[in-house]
Each structure stands twice: as C-alpha cells, then as structure tokens.
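Some notes on the structure that comes next.
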2 protein chains.
Amino acid sequence: MENKPLILITNDDGITAPGMHALVHSLKRLGEIVVVAPDGPQSGMGHAVTISKPLRLSATEHFGEIKSYQCSGTPADCVKIAVDKVLHRKPDFVFSGINHGSNSSINVIYSGTMSAAVEAAIEGIPAAGFSLCDFDYHADFALAAEVAYQVASNVITNGLPKGVLLNVNVPKVEHSNFKGIKIGRQALAKWEENFDHRTDPNGRSYYWLTGKFKNFDAGEDTDEWALANNYASIVPVQFDLTAHNAIAYLNQWKF
Amino acid sequence: MENKPLILITNDDGITAPGMHALVHSLKRLGEIVVVAPDGPQSGMGHAVTISKPLRLSATEHFGEIKSYQCSGTPADCVKIAVDKVLHRKPDFVFSGINHGSNSSINVIYSGTMSAAVEAAIEGIPAAGFSLCDFDYHADFALAAEVAYQVASNVITNGLPKGVLLNVNVPKVEHSNFKGIKIGRQALAKWEENFDHRTDPNGRSYYWLTGKFKNFDAGEDTDEWALANNYASIVPVQFDLTAHNAIAYLNQWKF
C-alpha cells in the first residue's frame, strides 16, 4: 500500500499503559505507526517541557514490528524529540492516548495527553488526544479504541482547520448504552482542592493534593453534558489563548 | 488603612529570584501581600500539578515582615495550596512573576509563571503574570516593576472580565526608550527545536532541548510587535480553549 500516512502516537501514562496499546492496535490500519512515549507516568504534567535536565531516548520492543521509543521527558518533549531525532521529519498526524481518565472540560489544561496534541498542532500537524473516563489500569478500552479509530479516520480524510486540534473523551459505558459522538465546547468546570495533611516519620508535615470535580455549566452543548448522557465528546481546541473579546475593554484603561 | 486587598504573589523562578523580590516590593503599597512560591526553579512547567508525590510547605524569612512560604510543588500547586492551607480563603488578587525571560506569544503555553495566573483565574480570582524579556539573573527589573505596579493598580481598581487574566511582558529597554503599554493578541510564533546530542561518561546518549524562537506573525496588533517596538505588552488570556469557530465544521463529519 502506497502513501500510507506517518502517524506518531504518544501518551502521558507511559509506554507500557494498556490505553496506549489499545490506541496503537486500533490505528495501525490507518498508516505507518511510530510510538514515542514517556518511559513512565507523566499525568498532570500540563504543557511542561524539560529544559533543566537532559533527556534519554531509547528503542523498545513493546509493540513488536511497530517502531517504538521511550523518552525520559514529558509528552510535549516526546513530540519534539520524535520530530528531530526519531522521524527526522514531521509526522503527518499525531494521536495521543488513550488516557486512563477523563480530560474533559478544565482537565485539558492539566493534561499531559492533551499537551502532546497541542504541541503537534503548534507544529502544524493535525492531532487529537483520546481519553477514557475510567482511571482503572485494567479499564476496558474497546469502545474508546473504536471511537478513536472513527475520529482518526475523519482527521486523516478531512484534515483539521489551522491551529485546531481535538480533545476526544469517551464515557465509561457499556457498548449497548453508547449513544454516539457529539461535538461540543469545553464545559465551565473546575476542581475544588483539599490538601490532605500528614506527618512523616520524622515529624515533618507533608500534603497530598486531592480534589472534587465540580461542573458549574448547565449547557447541553458541553463535553460534560455529552459524557453524562453516554455520548463520546469532541471539543475542538486552540492554542491561541487570547481573550479577543476583552481587548476593547482593556483599551479603556489608563496607564 | 482599612479593607486592604489580600494579594497572593507567586512565580516559577523560585522564592529567591530577584524578579519576585522586585514584584513584591513594587506591589506592597497596593495591599496585604502573602508570598507562596516554589522552593526552586520551575521554569517550563506549563500547567503541571503534582499528583504523584506529596508536597512540602514551610514558612520563610525571605521578605522580612511580609509573610512568605516556600512549596516543593509547581506554580499551579502554589496557588492551590495557598488558598487551602496558608490563607484559608481565596485571595482578592494573584500576581505572578516577575519572570526572568519572555512569556509572550506561544510561551504562554509553556510558562509556569502564567500557569499560576491561569490557576487563579480558574478559581475566579483576578490575576496577571509579569515577565521581563531578559533571562539574566541580575537583570534590571526597575521598569518591569513600574509596569507591574500600573497594571496591578488597574486590575485592583477596574477588575477583569470573568474568565480573563493578563499576560504582561516588558521589553529589555532603557527607560528613556520605553514607549508605554499596548494591549494586543498572542502572536503566531513557535520554537523550532533542536536536540543537542551528547554522550555521557558511560557511553550512553543524552539530549538537551534547545531551540530558536520564530515569529510568523506580521500583525502590528500582537505582543511580539509591541515588544519589538519598545512597548510593554498586555494580552488578555482565557482558559476556555474551545475553538468555537470549528464546531460547525466538525458537525459535518460522518461517524
């Protein structure tokens, strides 16, 4: 088969995560796959890049005949080093995931999975991040893999607008109850944090970050609504963070 | 003086960074300041949060009479733990910086300084991040501190639209050549990366992330244009990453 697209796959749960294996096996019909993924979990890394220490990169055998490499950096590092040192060109597409756990609504900001897709979009590469709303290491990725295949097929066939990538989340639901795919916007939601205070064996305090997710958005056009109603959600995401509507207001300020 | 606002100050260069000291001393006339900042450099951390290890938090004497605390986490962690464990309430304002180095255009995505301001905005707290376009540890922060004071005064007096925070960058320029403050949008720019390949004493490869900044945006309404023309730049930033314009296009896809 000629002209198979070159597809880079990465994630933030690390190269051994079952969610990434589900994605690789689901998308391998769509092109030539190369995996460059973190050598360990990088969840919650946001759009971190590694500038204060060197990176390691090595080939692995995790995916049999599919070329794969593990990197000591973040998901964004993986995309950067894949282009410069593994592929020696930009891949045609970048797909990230399947994440163990939701990256809907405000989680897009904290997500390493999504940071890889954002990094690709900054490079002008069509990209999507996939997440399953189930944190279980042994979650069933069958439905999420099927949704990923459908979305990736569309990205490959139709392309994406410039500067836009996709945040795809799949509900934890039996296949028979699954309703389909909805396009929507990022819901207005956030984490309400509590730090769990503990004392170490030497009598020093330490804190664990914990929190409850709160959705403040009653809209039926959001990712949270879709997921709560057994739809998979696609949110188009941009990396231009400018609040264009606020420029006129700020121009009234006196300095 | 009654009803002084409670102002949280943080950064990503760490609590001992000269840029943070410049910000604290510039803003102390505006309210009651509390500092909660990383105990070491956290540059390039993007919107990382610490979920896989515990955090440490301890009081410091770095700012004399002004209360200050250092935290082992990221800038976003500092905002979260400040609210829950230091202030026991939301501060009235959060200001971050002054960063040693630019956070203009695409750097907003990678910036720890900006992630603290974004985290505050998610909590509904008016916030701004300040950066000086000079990476030197011993940079002259006088002009940046003056701009920070003017911007912070406006934020305190006028407030900010819901869901909007400010990304403020100050050029490295003599005061006599400074032209003033411009409101603008995030320029379309990116880093072109190269990884510097080296070999360690044991013969193993490692890589340093390096890159050149490239501005592809000829617009005169951008942060890069303002900075190149000796203006300080303010970009209003939002954490709703939805590319709303792309929703209609995606709704044409067939699944």
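The values are calculated or read from the model by the stated rules, or taken from the named source; none is laboratory data. Only a predicted model underlies this, so the values are computations on that prediction, with no experimental measurement involved. Here the Cβ is made from the backbone with ideal geometry for all residues, glycine too, and neighbour counts use every protein chain on show.
Return the residue satisfying two criteria in turn: it lies in the range B:27-65 and is assigned to a loop (DSSP other than H, G, I, E, B) and of a type in the set (Lys, Arg), and of such residues it is farthest from the other protein chains (Cβ to nearest Cβ). Restricting to residues being assigned to a loop (DSSP other than H, G, I, E, B) and of a type in the set (Lys, Arg), the top hit is B:53.
Restricted to the range A:207-227, and to residues there that are in contact (Cβ under 8 Å) with a residue 12 or more places away in the chain and among the small types (Gly, Ala, Ser), the residue that is nearest to the other protein chains (Cβ to nearest Cβ) is A:211.
Residue count for the range A:124-148 satisfying the condition of being among the small types (Gly, Ala, Ser), part of a loop (DSSP other than H, G, I, E, B) and out of contact with any Pro (no Cβ under 8 Å at 6 or more places or on another chain): 1.
Within the range B:126-143, the set of residues being at pLDDT 95 or above, over 12 Å from residue B:170 (Cβ atoms) and over 12 Å from the mean Cα position of the chain (by Cα) comprises B:126 only.
Per-residue answers, yes or no, for (1) in contact (Cβ under 8 Å) with a residue 12 or more places away in the chain; (2) closer than 30 Å to residue B:153 by Cβ:
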position: A:186; (1), (2): yes, no
position: A:205; (1), (2): no, no
position: A:238; (1), (2): yes, no
position: A:243; (1), (2): no, yes
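Inspection of the range B:192-201 identifies no residue that is within 8 Å of another protein chain (Cβ to nearest Cβ) and more than 30 Å from residue A:87 (Cβ to Cβ). Checking A:218, A:228, A:232, A:248 one by one, the residue that is under 18 Å from the mean Cα position of the chain (by Cα) and small (Gly, Ala, Ser) is A:232 and no other. Taking the range B:1-40 as the range and being among the acidic types (Asp, Glu) and without any contact (Cβ under 8 Å) to a residue 24 or more places away in the chain as the test, only B:2 passes.
Residues that are closer than 18 Å to residue B:79 by Cα and of a type in the set (D, E, K, R) within the range A:186-213 comprise A:190, A:192, A:193, A:196, A:212, listed in sequence order. For the range A:41-67, the tally of residues that are buried (at least 17 other Cβ atoms within 10 Å of the Cβ), free of Cβ contacts under 8 Å to residues at least 40 places away in the same chain and over 20 Å from residue A:86 (Cα atoms) stands at 1. Considering the conditions (1) surrounded by 20 or more Cβ atoms within 10 Å (Cβ to Cβ); (2) touching an Asp or Glu at 6+ places or on another chain (Cβ under 7 Å); (3) of a type in the set (A, V, I, L, M, F, W, C), residue A:6 is excluded by exactly one of them, (1). Could you tell me whether the range B:165-179 includes any residue that is among the aliphatic types (A, V, I, L, M), over 18 Å from residue B:107 (Cα atoms) and either more than 8 Å from chain A (Cβ to nearest Cβ) or surrounded by fewer than 15 Cβ atoms within 10 Å (Cβ to Cβ) (or both)? Checking the range B:165-179: at least one residue is among the aliphatic types (A, V, I, L, M), over 18 Å from residue B:107 (Cα atoms) and either more than 8 Å from chain A (Cβ to nearest Cβ) or surrounded by fewer than 15 Cβ atoms within 10 Å (Cβ to Cβ) (or both). Determine if the range A:180-193 includes at least one residue that is more than 28 Å from residue B:118 (Cβ to Cβ), loosely packed, with under 15 Cβ neighbours inside 10 Å and modelled with pLDDT of 95 or more. Looking through the range A:180-193, at least one residue is more than 28 Å from residue B:118 (Cβ to Cβ), loosely packed, with under 15 Cβ neighbours inside 10 Å and modelled with pLDDT of 95 or more.
Restricting B:118, B:83, B:108, B:79 to those that are outside any loop (DSSP other than H, G, I, E, B), within 10 Å of another protein chain (Cβ to nearest Cβ), in contact (Cβ under 8 Å) with a residue 40 or more places away in the chain and surrounded by fewer than 24 Cβ atoms within 10 Å (Cβ to Cβ) reduces the list to B:83.
Can you confirm whether residue A:99 is within 8 Å of another protein chain (Cβ to nearest Cβ), over 23 Å from residue B:108 (Cβ atoms) and at pLDDT 95 or above? The answer is no for residue A:99.
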